[in-house]
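The values are calculated or read from the model by the stated rules, or taken from the named source; none is laboratory data. Here the structure is a predicted model, which is why all the values come from computation and not from measurement. Quick reminder, even Gly has a Cβ in these numbers, built from the backbone with ideal geometry, and neighbours come from all protein chains shown.
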Amino acid sequence: MIDLKNVSFSYDNGQNTIHAIKNMTLHIDDGEFVFVVGASGAGKSSLLKVLLRENVADEGEVTVNGFDLTHIKRRKLPQFRRSIGVVFQDFRLIPNMTVYDNIAFSLRVTDASARFIRSRVPYTLELVGLTNKAKNYPAELSGGEQQRVALARALANDPSLLIADEPTGNVDPEMSLEIIELFRHINLSGTTVLVVTHQHDLVRYFGGRTISIEAGHIVFDGLLEGEGVQHAGQ
Ligand code: ADP
């Protein structure tokens with residue numbers, strides 16, 4: 001769940017103040033699938049950083065997964081961050097670890113038990129269709145496969161919210177559709193999914209709730225029909 005009320009965020013580099021997010025109000029319920037679109041510089045990354053509490057809002061209220069990010073205690077931050085899975089455009093896999101170990105490592109740092117890791121890693125690899133690549137290294141995989149590993153890693157903690165920042169930016173067009181299909185599949189099991197993209201063709205194809213950002217403002221928040229897929233109730 002995401003709830004922003006009149007949120008503003010600025011960068012201050014000494015001489016200039018850049019207002020990246022301006023008085024933004026937004027609510028995303030548990031279980032929704034939402035695209036966030038906007039041109040370069042619109043404020044998409046700044047918004048994601050506010051949601052992950054890498055940026056602290058200057059004004060307004062930010063609540064994510066029940067955590068009040070305006071007042072959250074530092075010792076609660078790890079618990080908050082574990083409730084979110086994040087996928088980046090550039091995958092961010094560890095090159096000298098196998099696919100299996102990339103996912104296992106992300107669990108080990110959260111003090112997960114060895115027993116849990118042994119059952120969870122194969123499960124997430126199966127979810128993204130990469131069981132047969134468990135022993136490979138990232139460099140031996142295509143861009144689309146690497147992104148699926150990154151997705152498996154993001155899902156390892158069973159987060160209630162999955163945030164993807166330009167997840168198809170480094171994969172070919174056909175694989176882009178498969179990646180978004182995978183996100184939609186994961187969303188069907190109840191995970192809230194937020195996908196940031198500047199690829200309007202993807203949004204046109206899939207449709208669904210789409211939030212468009214321009215110069216730090218939400219200029220559109222509504223349901224698009226989608227040319228390629230049917231949505232519930234259509
Ligand atoms: P997007 O992700 O949509 O491309 P950003 O959130 O990165 O947009 O940027 C929003 C605005 O904030 C832009 O004007 C950008 O130049 C500015 N900005 C982003 N990051 C910084 C930073 N670290 N310091 C100063 N200004 C920044």
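Working only within the range 55-93, note down all residues that are small (G, A, S) and free of Cβ contacts under 8 Å to residues at least 60 places away in the same chain.
Of everything in the range 55-93, those that are small (G, A, S) and free of Cβ contacts under 8 Å to residues at least 60 places away in the same chain turn out to be A57, G60.
I'd like the residue in the range 130-153 that is small (G, A, S) and modelled with pLDDT of 95 or more and, out of all such residues, is nearest to D111 (Cα to Cα). Please lay out each step first, then the result.
So in the range 130-153, the residues small (G, A, S) come out as 134, 139, 142-144, 150, 152.
Filter again for modelled with pLDDT of 95 or more, leaving 134, 139, 150, 152.
On the way: A134: 21, A139: 27, A150: 20, A152: 18 Å.
Across the range 130-153, the extreme among qualifying residues is A152.
Which ones in the range 1-54 are closer than 28 Å to I186 by Cβ, free of Cβ contacts under 8 Å to residues at least 60 places away in the same chain, within 12 Å of the ligand (Cβ to nearest atom) and not in a loop (DSSP other than H, G, I, E, B)?
Once the filter is applied, which keeps residues that are closer than 28 Å to I186 by Cβ, free of Cβ contacts under 8 Å to residues at least 60 places away in the same chain, within 12 Å of the ligand (Cβ to nearest atom) and not in a loop (DSSP other than H, G, I, E, B), the range 1-54 yields K49, V50.
Tell me whether the range 18-34 contains one or more residues that are under 16 Å from the mean Cα position of the chain (by Cα), modelled with pLDDT of 95 or more, among the basic types (K, R) and surrounded by 13 or more Cβ atoms within 10 Å (Cβ to Cβ).
For the range 18-34, residues under 16 Å from the mean Cα position of the chain (by Cα), modelled with pLDDT of 95 or more, among the basic types (K, R) and surrounded by 13 or more Cβ atoms within 10 Å (Cβ to Cβ): absent.
Spot the failing condition for E61; the list is (1) more than 11 Å from the ligand (Cβ to nearest atom); (2) within 13 Å of the chain's Cα centre (by Cα), and only one is missed.
Among (1) more than 11 Å from the ligand (Cβ to nearest atom); (2) within 13 Å of the chain's Cα centre (by Cα), the lone unmet condition for E61 is (2).
Just need a number here: residues in the range 202-217 that are part of a strand (DSSP E or B) and away from the ligand (no atom under 16 Å from the Cβ). Lay out the reasoning, then the answer.
Pass one, the range 202-217, residues part of a strand (DSSP E or B): 208-214, 217.
Keeping just the survivors that are away from the ligand (no atom under 16 Å from the Cβ) gives 208-209.
Of the residues in the range 202-217, 2 are part of a strand (DSSP E or B) and away from the ligand (no atom under 16 Å from the Cβ).
Give me a count of the residues in the range 155-203 that are touching a helix residue (DSSP H, G or I) at 6+ places or on another chain (Cβ under 6 Å) and surrounded by fewer than 18 Cβ atoms within 10 Å (Cβ to Cβ).
Looking only at that region, the number is 2.
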